[in-house]
Structure formats: structure tokens, C-alpha cells
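Heads up, the thing below is written out as C-alpha cells.
Please treat every number below as a calculation from the coordinates, not as lab data. This structure is a prediction, so every number in the text was calculated from the model and none was measured. Don't worry about glycine lacking a Cβ; one is built from the backbone with ideal geometry, like all the others, and counts go over all protein chains shown.
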Amino acid sequence: MGIWDDIKLTFRNGSNLTRLIYINIAVFVLMTIVAVAGFLMNNPEISEKALDIFSVPASLNALLLRPWTLITYMFTHKGIWHILFNMLWLYSFGRIFLEYLDGRKLVAVYLLGGISGALVYILSFNIFPAFTGVVADSVAIGASASVMAVVIAIAAYVPDYTVQLMLLGRIKIKYLALAIFIFTSVMDFSINSGGKLAHIGGAIFGYFYTMNLRHGRDMGKGFNRILDFFATMFKPRKKHKVTHKKVATEYDYNAIRADHQKHINHILDKISKGGYDSLTKEEKETLFKESQNKN
């Protein structure tokens, strides 16, 4: 089995966490190939245009032309360290998430958390004066908001769950999540403020998702139904196997009847020699069915 077959098998049989990571890696590889092609052709605009197709814009006018970017931006990364840290956090907290909640909830939190992050980013850039001069050209990419939603959601669900850190020892997940939120979303806010606003949006969704879940309300239930609908649309239909029954010929029918009569004659011969009690249970049943058919 080749590498590509291994990847397809792992994607098909793996968890939803594995699939989310694979999609992120696939988009990153695609962006990297486009960037290399742009460099070789001495045309860096190819890479920039490809990135524009996937990145979510802060401009409302641009968003109306590229509404799909509310989804695609959260799978798009630029730079190996960008995707590496996001996938490490997603893998670490995603595994804990799947210990207590199912994969459908993980996908819902990831996607809806990413959308919430994008909406907070877009609204902030169109509301606050600090972004007036850059809103037209600003775009956002990365899974950070989605990952933050997963981190906060599971930390709120099992706050006393402990993890082992290399230098700090065992620490409760609620403190680790709080530290991640502060360091990535609050400190040095003026640097990459768009990304930090998206983090905040993802964190808010993750928290409210768990609070609602504790009260028996799954905020991602309706979203999962939408995903199921689209998955059904693109799922290949199973081909129904057509079977042809063999039509018995008169010769076959006569041969079957002859074998059956031979068996009946054998039973009658046993009765004549040893009496009815010499028959086996199966032979008695056969004889009984034969007498019923003749009545």
C-alpha cells in the first residue's frame, strides 16, 4: 500500500480530530505548492491571490464576494510555525475533548468557534476607530480561533482535569487554558490585534457552548444536521447488485422430485423392517410433512 493509500485510509477510519488536522495540513501543502510555483515563475501574485481566496476579509464588501472564507480561513496557515503550534494545541486538547465528548461535538466547536472568531474580528474592525485605516486591506487566516474554542470548551467542561507539563509538573486544565488565553489573546494586544480578536471570539463561543451543554442544550446540534445534509449530497450512492434467479427446467424439477421420492421410499423401507420407532426425528418430520402435502 502506497503513502497516498495510507493517508486516505487514515482519514477514512480516523477520528474527527484526525480529519481536522489532515484538512489543515492539506490546505497548507496546497498553499506551499502555489507559493513555490509563484516563486519559480517569478510571479508572487499567484500566491497572494490564492491566499485571498481562502482568507477572511475584514471588509464587509469583500466578505459579501467571498462568504466561504468564514470557513476556509480557519484551515489556512502561512508559515510552518503557524500551523505547527496550532495543530499541536488542537491535538493535545482535542484528545482530552474526545475523552468526554464525541467527535461530532468536536467538529461543531471547531467550526462554530472559528466562525465566531471571524465575526468578532470583522465586527471589531468595522466598529472601533483604531482599525479605520486598515479595514479595507485586512484579512485573517489560521485555526487559532477554532483551537481556542476547543481549549476553552473542554477546560470549562472538566476544569479539574490535570495534565503533565515538562517544567511545571501536573496542572489543572482550567489554569492552563486561562494562561493560553491571556498570553495569546490579551498580552501585546496591539500586535496582531485581528488574530487576538478572533481568539477572543473563539473563546467566548467555547465557554458558552459548554455552559449550554451542561443545561442539556447542544449549540452545535443544528449545525451538525447541516453538515450531515451536505455529506449525504456528496456521498456516492451505493450500487444495488442485480441478481438473477435461475429458472428451474422441467428436467431439474423431475430430478428433485426423484431424489425426494427416493428418500421417502428409504423411510418406508425402514418402517417395514424395524417399525415406526426405528426412524430418526428428522425422518419422522419428513414423513409427517409428506402426509400433510398429500391431504
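Footprinting exposure proxy ranking of 161, 100, 209, fewest other C-beta atoms within 10 angstrom first, gives 100, 161, 209.
Distance between the C-alpha centres of region 1-20 and region 62-126: 20 Å, rounded to the whole angstrom. Neighbour counting of Cβ atoms within 10 Å sorts the residues 211, 31, fewest neighbours leading, into 211, 31. When the Cα convex hull of region 1-109 is projected onto planes of every orientation, the mean area is 8.8 nm². With one equal scatterer per alpha carbon and no solvent term, the Debye-computed log10 I(q)/I(0) for the chain at 0.11, 0.14 1/Å reads -0.73, -1.13. Note on 77, 260: ascending count of other Cβ atoms within 10 Å places them as 260, 77, the fewest first. Taking Cα centre as origin and charging only the Cβ of basic (Lys, Arg, +1) and acidic (Asp, Glu, -1) residues, the dipole magnitude of the chain rounds to 720 debye. Against the main long axis of the alpha-carbon atoms of the chain, helix 221-234 sits at an angle near 60°.
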